[in-house]
Structures are given as structure tokens and as C-alpha cells.
1. Could you tell me what percent of the DSSP beta bridges with both partners in segment B:154-274 are antiparallel, to the nearest 5?
2. If one takes the longest principal axis of the Cα atoms in chain C, at what angle in degrees, from 0 to 90 and to the nearest 10, does the Cα axis of helix C:167-182 lie?
3. Counting only DSSP beta bridges with both residues in the protein assembly as shown, tell me the antiparallel percent, nearest 5.
4. Can you tell me the relative contact order of segment C:230-362? Whole percent, Cα pairs under 8 Å, sequence separation 6 or more.
5. As a footprinting exposure proxy, order C:352, C:89 by other Cβ within 10 Å, with the fewest listed first.
6. So what's the angle, to the nearest 10 degrees on a 0 to 90 scale, between helix A:160-176 and the longest Cα principal axis of chain A?
7. Any number yet on Rg/Rh for segment A:4-249, C-alpha, Kirkwood?
8. Using the alpha-carbon atoms, what tilt in degrees (0 to 90, nearest 10) does helix C:93-103 show relative to the longest principal axis of chain C?
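Each reported figure results from applying straightforward, stated rules to the coordinates on display, with no laboratory input. Just so it is clear, the model here is predicted, and its values are computed rather than measured. For neighbour counting, all protein chains shown are included, and Cβ atoms are generated from backbone atoms with ideal geometry for every residue, glycine included.
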């Protein structure tokens, strides 16, 4: 059969074509990347808002069911994406409780799924970051005349690098995830005329889901291109996280 | 002071959690490996029993014992489409063939495009697919030889009960597609395409070609996945789609499936363009000398024979005939 | 602002941190709360600062019960505490110091001016842009002072302000504390260092196991310790006990071991009767070593003979003479030059006297 030489050629040819797709900003590749960033970005921004509020509530106030909530968050940090996808699907499907909103197979559905996946992680890591701020800092803010709100805001500020790390962790999980968005997003592309040329334009197709389908269909250059972009993204996220961690130590 | 201690405690707990997670994953990994290992061992043992059954070792004939277990059963690798595989037809055809030639048929189910690609890479001996144009190209490029028609069924156009494009009962698929496109442009309808270079997708494109319309716009959704995923999406969004009759028959009785058959295919007297012929092609041994050409030819002989055609004709799902013999 | 506590108690899960604390903090004074670690100093400061609620007892601010204030924030904003270890925020020195002003809604134009002023007060001119977390311990402590002093609280509570600092920085910080006090700010210092208490404080409260055992001026605390604990803690090394064999209106004689010691009677010993068993003490600097070339006046009381066992340096200018007399050890602090002039060396026999007025009878318990 094919020798090692020709398999290497096959791989190189794929990579070269992939790089070409990226460099000349192929509209299809670009649109898939855009959808990925938009979906994961919006989901993580919403998650971050919720997570900081939740983490603040848990860290700064006493209420009934607090420990239960904390346990729920900790156990939700490792939710399997496919299961989340299924649950979101069951809610959003036309026959589901909020099916009338007609959100299934839309970017909104994917945002919801990723929001559910990212929120517990960002919350959990943020709580750890907040609670690692020494009690003395809280007391200092209080004794300098801060109200409960002033104290909380200052502690959040002190924990900012930890919270940024938490958000990056959430984003990392969101962009790496494929199971949930494939189920609720449907991996849809539209055919549109762009500048007079018929183009595939992603509607709910993301880098991860695109890699899955392009590989299955034998479109190796596209799959490699998406893989490269995804890797660059995740390297970038991890690089920032590392930089933040270094800064917080230094 | 207490705060610091709390944090220390918390860190301790975190570490404990990490440890727990680590231990759990190691445990899980081990279990998985054991299961996989057991699976392999199980497979080996069943294979050896299988050969043991066909060739029982006879104690007082030592020469045989030496020879027989070493002889490996011949293997035929068939790249085929998900529709033949999922329909269960191969579960009827292959056992008969295996018994006849004392061989093993290994089925690689993929979309038509991918199935052809597998054969082009030399990883199959035989393809059994439905995309006439691509099949011809496969032969013309020298990858395949001896293409034969095997059978056909047909495609049908599905859509919501409300039928905003008003295609119900139309006898021209192209006409129906034109209506769908018009309704789509007007924002009243959506269409869901497999978009995966499968046989169904290839047929869909052929119909669009016949309309002279290039489908474009947000109403035209390309899913890039299998028939099942496409039907799920079309059903959820109450859109139109093209489906092979076999899959439709299996899906129409599913809970919550609301799409209806709006345009018939040729099996029920509809537009001939919706005919879905299945061809079978042996991989050219001149291209890939290590393919099992002999066995591939035997299989082609078998499915196009009277016996094979009879099996196809009599195969039923939910009481309905799925495939129609077409060998000439 | 005058703060007064009434039978203040604080109980934590595992221990009674404060018990029946009655103390009044007077306007403009420096009050030192002196005690060993774990005595309850920090807890008391935290309760005064309203960081912690007492388990029982009352707390009055300007004569008004704390519980009658509907909102404690305005009250809290008249005070500030510098927490032990000088925790600062992970921001610039400027933002750290501005923090207390900003939460009070201070006009941002005035913030800059006040920060500059207070930076010069603590001797950190030009430090505005430095990140406070990168500062040394002493610098951080100065920033912590500035953070509290910048909004001119009426009461400043300091928890171990010179712990873990080198002696020079310690002196500088003590200087800053005096300056802050001179601005009219009442200062309460929790400390375990007697030297710090005596240098800075107008009054000292000695705290032991959550109770205030003595409250008074430094002179009273050091020279009239009320209990054996205070005596020991403030460095009154010579503590004896014995039976009162005789007393009249002004003096009494206590027989301790082989010695009959005469003691002046003051308020603390008013109730002592003949036959009572009492403890008493005398500070080392109150024991006089007599010159041998001058004959002893026979009317002098409390003159004893002993032999020098050991001489140890004590705080640079002083030496501590360990004298053994009839199996009892006396410690006497003498200026180094005096010791040299008198040729005090190990093994030398000396006469020494205990000043009658410097002997203090201690409360039992």
C-alpha cells in the first residue's frame, strides 16, 4: 500500500494547503473561526459576569443553602459536554419547555451550552482566588472605613489575576469543547454570495465541529487549517494565563 | 490568623480534591484498559474458536493440526455507504456470501464521498455506493474496474405539514426545489442539506443543477453530517430536506418526527431524477496489487446473481421493500 | 472620642479571649495594651474597632452605647486600625493611601494633596507610584500608617506596630506614632514590648489571660506593680514572700527566709496585718550597692551582705549584678561606669541595701 514516503507527502501537502487557507483568509475558514470566537467569547463573557456574581455571593455573604451551592458548583466543574448538549437540546427542541423560542440550531443555543459548561469552572476557580486573599486584607479594607461593598470590591480587585486565570480557563474549556455545540448548534453553514462568489459561510459551525466533519468527509486541508487555528488559540490563551500567573507571583 | 488557617485548610482540601481526581482518572483509565484488553483477548479467542469450529483439530491426524489453524480466512474489505449499512441489508447479504466463499467480509460504512476516498487510498477491495457521477469518475480515473448496477431505491422530498413552498404532490423534483428556493428567499421556508458529499448530497446538487438555481442564503442550511443529523435538524426547524426512502421509512414512525413526505420518488411513480441507483465496483488490482480482486469479483458476481437479487428484493423493513433489484 | 468598655467579654469556640474588660480610652492619649502573645490584645483592639462583636458587655463611644447606633459605618470611620504585619493592597502606594479617602467620597483633588502630606509625615516622599507589595517591612508599615492617618481618624489602633522590625526602623516608627498623636489623634497600641509601652504611652493597661490586671501610668505600672505577674512582666526581678512579723502605721517588717525586711506601707499594703503571708518585689535598679570606704550608718535598715556571683551586661549602659546573700539571689542594676569604679567583680563581697519606699507588696493571685 502507500509507503511512508507518500504518507509524509500527504501530510505535508495537507499542511501546506491548510496554511494557504489560513494565510489568504479563506472566507469559509474565517467565518468558522469568527463563529467560534463569537460563540465562545459571548458565552465566556456571560459566564464571567454570572461567575463573579456567584463567587462574590458565596465568598462575601451568608445565606441558606450556600454550602449546597458550593458543592453544586464544584461538582459541575467537570460536566461532560455531551450530556450538557443533550440537556440543552431537550430544553430547546421544538417539543421542549422553551422550544417556542426557536433557539435550537442557532448560535444562541451554542452560547447557552457553553455558558453552562464554563460558568462552574470560572466560579469555582474565582472562589479559590477570592478565598486565597488573606483575611488581613479584608480587615484592612474594613478598618479603613470601607463598607461591605467597598471591602468586597477591594478583595475582588486583589483577586483579579486569579479571576482572569479563571476566565481564561473557562474560555479554554469553551473553545476546546465539541460535544455540546455539535448537538445544539447543528454544525450548519449557509451558502452565500460574497463579492459575487458563492461561499460556504458558517452559521453554527465552529473550529471544533468543523474539524470533526471535515475529517470525516476527507477534507484534510480544511481540517488541518481549523486544527492549526484552534491550537494557536489555545496556545494564546495558555500563554496569557501563564503570563498572568507569573505576574501574580512577581 | 484564623483566615490564614482557613486558607491553608482550603488548600489542603484542594490538594485532596486534585489527588482524588487524579486517583479516579487513573482508576478509570485502568478499568478502560482492562475492558479494552479483555475485548481484544475476547476477540482473539472468538476468532480462534471460529477457526476451531470450521477446522476441528483431530488428535490422531497431527499433520492436519499443524496445517489448518495457520490458514487464515480470506478477507474482503468493502467500503460502503451508511444507508446500505444502516438499513440492515448487508446483514442479510454478507452471511450468505461468507458461507459460500468461506471468507470474512469487513464492512467500512462511510458517506459515499468518504467511501470512495477510502478505496482511492487503497484501503478497500470493493465499493458499494450510490453516486453515479462519482462512481464513473472513480472508474475513469483508473481506480475501479467492472462497475455493475446492483439495485435502486429512491429519494423523497420531505417537509413540514404546513408546506409553505406548496410542493405537496408535485411530480417534478426540480419544480419543487424551485418553489422551496423561492419560499426560502421570501423568508418562509428553510432547506437542510447533508452538505457532506454523500450520495444524497450529490443527488441534491444534481436536482439544484436541473433547476438552474444556485441555492444561497440563510434559508439554505448545510449540516455537514449524516442523514440522521440532517433529519433531526430539518425536523426541529420544520424545514425541507431530501432523504433516501430507506431512512425516511425508519424515521417516519419516530416519536416527535413531524416531517411529511411531500414529493414522491420513482419507486412510487414519482420524478425519475429521484432514482437512487446503487453500484458496485472492484478496486483496480493494477493500481493496488495487494487488493483482494478475486474475492471482490466473486462478491460482485454474487450480488448481481439471481440469488443475490432475490435476497435484495425480499428484504423488508417495517413491512416495506427498501431496495429494488437493478442488475442487468 | 472617648471609648469606654463595660464588662466586655469575648468567647471563641475554644477559649475565653476577654473577660470583664473595663477600660476607658481618653481623648488624645496614647494607651498601651501590654501583654504576652495570646493575652487578648488583638481581640480587644478588634472589638474596639468594631471588627468583632463582644460576646457580652457594653461598648460606649462618647458615652453612647454602640448598640444604639443604627449604622456603625460613621462610627467606624472615626477610627482606624493598623493590623499586625501591615497588610497593604496590591496597588500603588498612592492608591493604597487614597483608599480610605475614596471610600469616604473625598474630592479627588484633595486626595492628591492629602496623600502627599501624609507621605511626608511617614517619611516616604516620592513613593507614590511604587507597588506597595514590593516594599520592605518597614516601608510597608509606614504605608500602613499613612493609609490610616490620611483621613485623620479620631482614634488609631495599632497592633504590634514594631513587630519584626529592626531597632532603627522600630525607633522611626515610634517617632511616627508620637507625631500622629501630636496631631490630636488618640492612639491605642497593643504590644508585648515593655520598652515601647514605656517610651510611648501615657497610660498602660497590662492584660493577662483576657483580663486587665493593672491600668496606670508607666510609673505606676513599673514601680507599683499590683500583682506578681505585672511585677515579673515589667522586669521587677526581685520577688520574695514572707510573713509579716510586725507592723505599725507607716512601716512593717516581713520575715522572708533569713531576712527581716522593712517595707514602707502605702495604699497597696493598707490591709496587711501582722501574721499575713505576703509577696513583695523590688526593681533591680532600686537595689543599691554600698561603697565600702564609707561606714554604714547603723540606723539604715535593709542593709545586707552578699557575694557577687555573676555580672552580666544589661542594655549597654547598665550591668546586672547577681548577688548571693544567705542562699537568696538578689539582682541589682548598676551603671557600667559605677561598677567599674567600685571594682565590682565576681567573688567580691559587698554590702547592699533595699530602699524601703521601693519595696512593693503585691496582691496575691
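1. Numbers: 7 of 12 bridges.
Roughly 60 percent of the beta bridges in segment B:154-274 run antiparallel, per DSSP.
2. Between helix and principal axis, roughly 70 degrees.
3. On the way: 92 of 127 bridges.
Antiparallel bridges: around 70 percent, rounded to the nearest 5.
4. 28 percent
5. On the way: C:352 19, C:89 23.
Result, fewest neighbours first: C:352, C:89.
6. Around 30 degrees separate the two axes.
7. On the way: Rg = 21.3 Å, Rh = 20.0 Å.
Across segment A:4-249, the Cα-based Rg/Rh ratio is 1.07.
8. Around 70 degrees separate the two axes.
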